[in-house]
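Before any comments, here is the structure.
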Amino acid sequence: MRLTTRQFLQTAGLFAAGLLLAACGKKEAPPAPAAATPAPAAAPAKVVVVGTDAAYAPFESQNEKGEIVGLTIDVVNAVAKKAGVEVKFVNTPWEGIFNALGQGDRDMIASSVTITDERKQTMDFTDPYFDAVQLIAVKEGSKIAKFDDLKKAKVGVQTGTTGDEAVTKLLGKTSTSIKRFESTPLALKELEAGGVDAVVADNGVVINYVANNPGAKFKTVSDKAFAPEQYGFAVKKGNAELLGKLNKGLAEIKADGTYNTIYAKYFGAAPPAAAAPASAASK
Ligand code: ARG
C-alpha cells in the first residue's frame, strides 16, 4: 500500500517523536534510521483523491459496470489533464462529504456542490463549472404550482443540500413536514410512492429523473424565488496549490471548447448564452 504524503508525514512524525524520547540524555542524535516507509522523494506524484456522491445523474452517478460517470466527472478529468494531475474518484456519501475533505480523507469534492458563503467559511472553491437552480418535482395532477404552495405540503429533500436549505427556510427549522433523505433519488422514489407531495432538488437532476422515469408521472414546477446557484469544486481551506491548478485547467477547458463539448454530451446543446459559467460570480 502506498502512503499519502500526509500519512507519511504523520507516521514520520510519530517516529521522530519516538526517536526524540530515545535520544533523551544522549549527547549526539543517532544517525537517521532507515525509514520503514518509502522515502517521499521516490514516491510518484500524489494522486488527488476526489470525493463524489455518485447518486446524482447526469452529474455524478454509477453505471452498470460500477464506474463513476457524468458531467462533473468529465469536467474533472479534462481539468486534471490540463493541470497535469492524476485524479481518483471515490464514491462518498453526501452526509459527511465535507468532513472527509476537512479531515484530509479526500483532497477535493466534485459533487455538484453549490458555492455558498456558508460553505466558503470551511472550504475553498474553484471558479464555477455549472449554473443551476432549485426545481420542484410533483405528481402530474398536483395542485402545487409555486414554491409558496409547499408551506402546506410534505416536502422531500436530500439532507444538507441547498434544496434542504431553501425548504427549511420556507417551512421553518422545526417543521415536521420536511422529509430528509440520504440521496436525491431516494427522495424522488418517495414522491412516486406518495410519501411526500413534492421534492425540491437541483434542476438538472430533477429534469433527468423525470425524463428517465416516465412511469413516475411527475411534472416540474419552477419558481423565481429560488436563487441562482453555481457548482464549484471544493478543496481543503488553504490548499492554494491544488486550487490554482484546478482554476487554471478549468479556464483552459472553457476557453478551448472542451467544456462546451462535455456540456453538449449531457444536455444536447451548448450551455445557455453559448458560454460556460463566468468565473467571477458566486453566491
Ligand atoms: N447542489 C446541491 C448542493 O450543493 C446538491 C448537491 C448534491 N450533490 C450530490 N452529488 N448529491 O447542496
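The values are calculated or read from the model by the stated rules, or taken from the named source; none is laboratory data. These numbers were taken from a predicted model, which means no experiment stands behind them. Cβ: placed from backbone, ideal geometry, glycine included. Neighbour counts: every protein chain shown. SASA here: full protein model, heavy atoms, side chains in, ligands and nucleic acids out. Shrake-Rupley method; radii C 1.70, N 1.55, O 1.52, S 1.80 Å.
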Checklist line | Karplus (6.51, -1.76, 1.60) ³J(HN,Hα), θ = phi - 60°, over the range 110-124, in Hz, Gly and Pro reported as x | finding: 10, 8, 6, 7, 6, 6, 10, 4, 5, 5, 5, 5, 10, 7, 9
Checklist line | Accessible area expressed per residue, the range 100-222, with surrounding protein chains retained (probe 1.4 Å, Å²) | finding: 44
Check: Sorted by packing (mean other beta-carbon atoms within 10 Å per residue), highest first, where do 260-269, 161-170 land?
Finding: 161-170, 260-269
Check: Each residue of the range 173-183 in order: what ³J(HN,Hα) in whole Hz does its phi give by Karplus 6.51 cos²θ - 1.76 cosθ + 1.60, θ = phi - 60°, with x for Gly and Pro?
Finding: 4, 9, 4, 9, 8, 9, 9, 9, 10, 6, 9
Notebook entry, point to check: If you count, for each residue, the other Cβ atoms within 10 Å and average over each peptide, how do 171-183, 223-235 line up from highest to lowest?
Noted result: 223-235, 171-183
Checklist line | Peptides 129-136, 203-210 ordered by average Cβ neighbours within 10 Å, highest first | finding: 129-136, 203-210
Check: For the range 92-106, in order, what is each residue's ³J(HN,Hα) by Karplus, 6.51 cos²θ - 1.76 cosθ + 1.60 with θ = phi - 60°, in whole Hz (x at glycine and Pro)?
Finding: 9, x, 4, 5, x, 5, 6, 5, 4, 6, x, 7, x, 6, 10
Check: Which percent of the accessible heavy-atom area of the range 86-202 goes to carbon and sulfur, probe 1.4 angstrom?
Finding: 47
Margin query: Can you return the lysines within cross-link range of residue 139? Criterion is Cα-Cα under 28 Å, with same-chain partners fewer than 8 residues away left out.
Written below: 151, 152, 154, 169, 173, 179, 189, 217, 219, 224
